[in-house]
C-alpha cells in the first residue's frame, strides 16, 4: 500500500448568497501515524502524511528520547490499511542507551491531531519545567517581522488547502531555511525540529516562526530544540508565558503586518530603528 497524498481534491456542494452549486476544494489529508520503537508502539498521532521522516526524528528528539540524529539507527515507513483507511507506521530503532531510557518513561500517547500532552501519567509530568535555554543571539525586530510576513509564500501545502499550520526556522543572514506543515501545530513543530536535526542546523542560531497560537507544550518543544526566540501569529497562553520566562525563551506573538508583541526576555529583539542583527 502506498502512502496517502497530503492534499486531496473534494467536490462539495457550495452554498453562497442563497444559491447552491457544485464546487471543488483542495483539502489536507489526516492520517494515523504510529511511532514505534523496537516494534512496540509508543505514540499514535493524527498527522499530515508529508515529511514523516522529519516528524519521526523531531518527535523522538522533542520527547527527550534522543539528543543527536544518529541515535536513531533505523527508520522505515510502512503504509497500512486499517478498515479501509490508510495508516502509517514509522518503525524506529534507537541506540541501546536511548532504547533503555525509552521504556523507563512509561508514557503512552493516543492523541487527537497533534496532541501535545496526551498520555502524561501525572500532573507533575505535565507541568515539568522545560530545560533552560541560553543564547547571546539578538535579532532586529523589523527583519524578524519581514521573515514572518514572507512565511505564507513558503507554505506550499497551505496555499492549496488553507488549512495547515506551519513551523519555520529563520537564520540571520540566510532567511527562512526550513518550513514544515501539518494539520497539527505540534506536528509541524516536531517536523521542523527533525528537519534541523537531520540537516545539522543548530536551533540556537535563529528563531522559530509559528502560524499558530503558543501553548505550553509548544514552548516545551522549542526549549527542547534549544532555540531562544519564537514568534507566532496568535497569542500565547498564560502558562506558556510563565514557562518561557522561566526557561529563558524570548516569546513574541500576535504578529501582524505592523509588528508583534514581546512577552518575555525582550532584550534579544532589538527594536530601535538603527538596530542591526548581531
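Every number here is computed from the coordinates shown, using simple stated rules; none is lab data. Model, not experiment: these values are computed from the prediction. Here Cβ is always computed from backbone atoms with ideal geometry, including for glycine, and neighbour counts include all displayed protein chains.
Some points to look at:
- Given (1) 34, 21, 17; (2) 32, 28, 20; (3) 30, 27, 17, the label whose value is semi-axes √(5λ) of the Cα gyration tensor in Å derived from this model: (3)
- Helix-only arithmetic for the chain: the sum of -39500 (n - 2.57) across DSSP H runs with n ≥ 4, divided by the residue total, places the mean residue ellipticity at 222 nm at -7500 deg cm²/dmol.
- Peptide packing for 16-24, 48-56, 181-189 was compared via the average number of neighbouring C-beta atoms within 10 Å per residue; ordered from the highest value, the list is 181-189, 48-56, 16-24.
- DSSP bridge orientation in the chain - percent antiparallel, rounded to nearest 5: 65 percent
- In this simple spin-label approximation, residue 70 and residue 272 carry label points 7 Å from Cα along the Cα→Cβ vector, and these lie 4.5 nm apart.
- Residues 95, 222, ranked from the fewest to the most other C-beta atoms within 10 Å, line up as 95, 222.
- Per-residue Cβ neighbour rank within 10 angstrom, fewest leading, 260, 74: 74, 260
- Debye equation applied to the C-alpha atoms of segment 170-227, log10 I(q)/I(0) at 0.14, 0.17 Å⁻¹: -0.33, -0.50
- Sequence of 227, 75, 98 once ranked by neighbouring C-beta atoms within 10 Å, starting from the fewest: 75, 98, 227
- Taking all pairs of distinct alpha-carbon atoms in segment 139-270, Kirkwood radius in angstrom: 14.3 Å
- For segment 1-40, the spherically averaged projection of the C-alpha convex hull amounts to 4.5 nm².
- Per-pair calculated FRET efficiency, R0 = 51 Å: residue 138 and residue 83 via Cβ, rounded to 0.05: 0.45
- Modelled this way, with points 7 Å down the Cα-to-C-beta line, the labels at residue 26 and residue 204 are 3.9 nm from one another.
- Extension reserve of the residue 14-residue 257 stretch, reckoned as 0.36 nm per residue once the Cα distance is removed: 84.3 nm
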